[in-house]
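Report on one structure; see the data block that follows.
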Amino acid sequence: MAKIIEKRRSLHNNIKKQQEKNNKLQLQLSQLHALANIGANWAMVAHEINNLLTPLKNYSQLALMHPEDDKLCKKALEKSVLNSDRISNISKSILAVINGEANEKRCVNLRQTIDEIFSCLCRDFSKDSITVNIDIPENLSLFVVPIEIQQVFMNLILNARDAMLSSGGTLDIKAIDSGDTIQVDISDTGCGIDAENIDKIFDLLFTTKNNDGQSSQTSGSGLGLSFCKKAVENNDGDISVNSIQGQGTTFAIQFPKPKQVDT
């Protein structure tokens, strides 16, 4: 009997150790997914910054080529200063995102978070015939891990833009205080999601962006929405999707309302 008890203890200890190892591996995998997702998004941000640096260089060269034309030089310098300011604001926004990297929850202002994301994406959505409507109360806050939720919103905003690039449309971002919860809806009037794929979009490595001959800028890794679901759930929230092919998509995210607002 003593041997049986000892074997059971040994088996129990082995199971416990294996479970601890498995938990550590799951944590590492989750961190790798987050890093891969951040890398993919910041690659797009780098593309946006390059779109500003190229004309800035051209303006400077134009002024150097025609130093005698005061009017032309003044206009070129004004354009250069404007683009430099925009790049500076983007850099500040990126730093604001990175500074929230510690995995600690805190109260963040929802409207400010969304504004920082749009300042990172320096290209004006209207240039792609996309109208952006933001309806978020100024004092609305979430109690979340900032870096995770910033990445969630950036993913969904970029996905919405991709869905409307071919023909334009409308992006609506709306937040509703329902008492115990805060719901954030991100809606687009883009191509929508096939009914056969709607149940798979949060699956790890599932993507439809590589199937249409799209550019590398919009091609997908299958990590974005999987990360979104994991990050939202890590912050005690819930994410769902409603989509009609050819009409658009709405992602609805619900978070518990902070018990104490401190922005």
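No value in this document is a laboratory result; all are computed from the given coordinates. Only a predicted model underlies this, so the values are computations on that prediction, with no experimental measurement involved.
Using modelled amide H (1.01 Å from N, peptide plane; none on Pro or chain starts), what sits under 5 Å from the amide H of SER141, excluding residues fewer than 5 places away?
Close amide H contacts, sequence-distant or interchain: LEU110.
Multiplying the sequence separation of ILE244 and LEU72 by 0.36 nm and subtracting their Cα-Cα distance, what value in nm do you get?
Once the chain is fully extended between ILE244 and LEU72, it gains 56.9 nm.
Lysines within cross-link reach of LYS71: Cα-Cα under 21 Å, excluding same-chain residues under 8 positions apart?
LYS57, LYS79
What lysines does LYS24 reach when the alpha-carbon gap must be under 22 Å and sequence neighbours fewer than 8 apart in one chain are set aside?
Those lysines meeting the cut-off are LYS16, LYS105, LYS229, LYS230.
Figure the gain on full extension for LYS200 and ASP180 (residue separation times 0.36 nm, minus the Cα-Cα span) and round it to one decimal in nm. Show your work: numbers first, answer last.
Values: separation 20, 0.36 × 20 = 7.20 nm, distance 2.94 nm.
Result: 4.3 nm gained on full extension.
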